[in-house]
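**Q** Before we start, here is the structure in question, set down as structure tokens.
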Amino acid sequence: MKINCCLHKHDFVNEVQVMVQVFFPGAKFAFVSSLPQIQEASRPGGDDLIHILSFWEIPPEGVLAETLKESSTAIVYKNGAEISRHTFCQSVAEQNKHEFLNPRRVVMLALYHALQKAVGAQTPWGALTGIRPSKLVREWLANGTDDEQIIARLKEPFCCSEEKAKLALTVARAEERLTRRIFGAFAKKQEQKQDVIGIYVSVPFCPSRCIYCSFNMVNSPADANILEQYVTALICECRKKAASLRDSLVSSVYIGGGTPTVLPEYLLEKLLDTVSGLFCNGEMFPEFTVEAGRPDTLTAEKLKIMRKYGVNRIAVNPQTLNDRTLAAIGRDHTAADFFRAFDYAREAGFSCINTDLIAGLPGETLGDMRRNMEALARLLPENITIHTLAVKRASRLIAAPIKPFRNAGVAIPPFRGVNNEQRGESSFFQNIAPPISKVVESMLHEAAESCASMGFLPYYLYRQKNMVGLFENVGYSLPGSECLYNIGMMAEVQTILGIGAGAVSKYVRGNKITREFNVKNPEIYISRALREC
């Protein structure tokens, strides 16, 4: 689908594109510079041709300021005919009441309502399009806004459902509390004006590639020579970055991927020896996490090595406990392998384990999620993260031409299977019906209620593009077992130093955030790192 947009008296190109993608994910955009152009382009011609006019208005002289301060109108055309329009305007009184409604948000709200009418869809997060819905809520909390006002603001004007508004508020409160915990642990040392930072170390390799994954992996599985070169390069960068941290305190170290435990024992030990020696320094802090996401990569020996070097938190992630789905999505392990790996981790002495599940895997039902949660209730990991499936453009689970679902309640793309002859995939995904948003919503409800019954509380959340049903990912934890790295990174309250291929360093200085990106390709990364070592 192609969407032509004309912006008049404003230049919020990115905001318009993001809002349109809420309702038409994957659509192609063209921006025209004038109203006559879009009127010409809007002549009848095709069922999949959508045209949008978004304009900003300031009242002319002579209009009473208290009557109208500013407004934005969005009009949606299809095949040359206007099918919806909406004007969002603010009086001076409303502007004072809603000081957070800057021109950018006013434009987005007008467009949201116009598209909502055109598509006939309701979205759970309304006009909130950001990755971190709780960040805006924390700003309001810092300004003294009470809980009731916050819920009201999220519901109107942002059109969030009451459930999502309450979730955002709960997570924002948790982020505030855990931020104090991160910095409070170093309160005395901070008198010397040292930064408290987190460390992320990237190991971008997996034993196989899940069909929903768009992660950059040149070799899957990687050969032993590449892994050895990569660890050597990674150690070089670790030493270089550590030398620059003389005035910084480390609150958390997170080795993620990919699947870091794909490394053979001797390379895993070599990496952990370096990371522990450079960043942990024998302190009670930092929190030290290793993503051992694939159960088929875990051995008793690897767990013993992790304990030896101070790792105190791991992730063992099945994504689902349905063996048929596991085989179909390209994970070379079974539910039994997950249970075995989890037992190994407990026997090795790990008292903080995270487990991930995905809601919305094709073919899965509410019953699958219920069985998953019943199994986790028996194991009782300290953290449970519930993801909503996101259809990544670079993944092998690709979206078909976009036609918004009306009966599902939101606009989401249907799925189509990959070419099995080319990909060697199971035929499980051919012609399979997509899980509509109501099914995914019921799965998320089931997971949330199950977590609550086990004593887990939501403490971080984030959203991604092209998520099924436009829902969210939520991290739940037993009180006291929250992942502080997740808070520092997701809430953007501290600098995160990224090391390794594809890692991103995020420097937080007050309200200013700057990012520094490492090259994604592991082989290019190896070449550069070893040359500079």
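The values are calculated or read from the model by the stated rules, or taken from the named source; none is laboratory data. Since the model is a prediction, treat every value here as computed from it, not as a measurement. Cβ: placed from backbone, ideal geometry, glycine included. Neighbour counts: every protein chain shown.
**Q** Do we find that LYS270 is among the basic types (Lys, Arg) and farther than 21 Å from GLY293 by Cβ in this structure?
**A** In short, no.
**Q** Scanning region 449-473 for residues that are more than 18 Å from PHE24 (Cβ to Cβ) and assigned to a strand (DSSP E or B), which turns out farthest from the chain's Cα centre (by Cα)?
**A** Top of the filtered list is LEU457.
**Q** Here is a follow-up. I need the helices (runs of 4 or more DSSP H) fully contained in region 277-383, keeping only those with at least 3 residues that are assigned by TED's automatic domain parsing to the domain that holds MET443.
**A** 366-379
**Q** Based on this model, can you work out whether GLU156 counts as modelled with pLDDT of 90 or more, of a type in the set (D, E, K, R) and within 28 Å of LYS438 (Cα to Cα)?
**A** The answer is no for GLU156.
**Q** Filter region 314-352 down to residues that are small (Gly, Ala, Ser) and modelled with pLDDT under 95 and give me whichever is surrounded by the fewest Cβ atoms within 10 Å (Cβ to Cβ).
**A** Ranking the candidates gives ALA327 first.
**Q** Return yes or no: is ILE353 in contact (Cβ under 8 Å) with a residue 24 or more places away in the chain, farther than 23 Å from LEU461 by Cβ and within 23 Å of the chain's Cα centre (by Cα)?
**A** Spelling it out, it is not the case that ILE353 is in contact (Cβ under 8 Å) with a residue 24 or more places away in the chain, farther than 23 Å from LEU461 by Cβ and within 23 Å of the chain's Cα centre (by Cα).
**Q** Kindly check whether there is at least one residue in region 270-278 that is acidic (Asp, Glu), touching a Leu at 6+ places or on another chain (Cβ under 8 Å) and at pLDDT 90 or above.
**A** Scanning region 270-278, I find no residue that is acidic (Asp, Glu), touching a Leu at 6+ places or on another chain (Cβ under 8 Å) and at pLDDT 90 or above, so the answer is no.
**Q** Same structure, new question: Does LEU245 satisfy the criteria of being assigned to a loop (DSSP other than H, G, I, E, B), more than 28 Å from ARG340 (Cβ to Cβ) and within 29 Å of the chain's Cα centre (by Cα)?
**A** yes
**Q** Could you tell me which residue of region 491-533 is modelled with the highest pLDDT, considering only residues that are assigned to a helix (DSSP H, G or I) and buried (at least 22 other Cβ atoms within 10 Å of the Cβ)?
**A** TYR525
Residue-by-condition table, conditions (1) surrounded by fewer than 24 Cβ atoms within 10 Å (Cβ to Cβ); (2) in contact with a strand residue (DSSP E or B) (Cβ under 8 Å, 6 or more places away or on another chain):
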{"position": "ALA233", "(1), (2)": "yes, no"}
{"position": "CYS238", "(1), (2)": "yes, yes"}
{"position": "ALA243", "(1), (2)": "yes, no"}
{"position": "ASP247", "(1), (2)": "yes, yes"}
{"position": "VAL250", "(1), (2)": "yes, yes"}
{"position": "ILE255", "(1), (2)": "no, yes"}
{"position": "LEU267", "(1), (2)": "yes, no"}
{"position": "LEU278", "(1), (2)": "yes, no"}
{"position": "PRO286", "(1), (2)": "no, yes"}
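**Q** Do any residues in region 359-374 that are hydroxyl-bearing (Ser, Thr, Tyr) have Cβ atoms under 9 Å from those of residues that are not in a helix (DSSP H, G or I), where the two are at least six apart or on different chains, and which pairs are they?
**A** Cβ pairs passing all conditions: THR365/PRO435.
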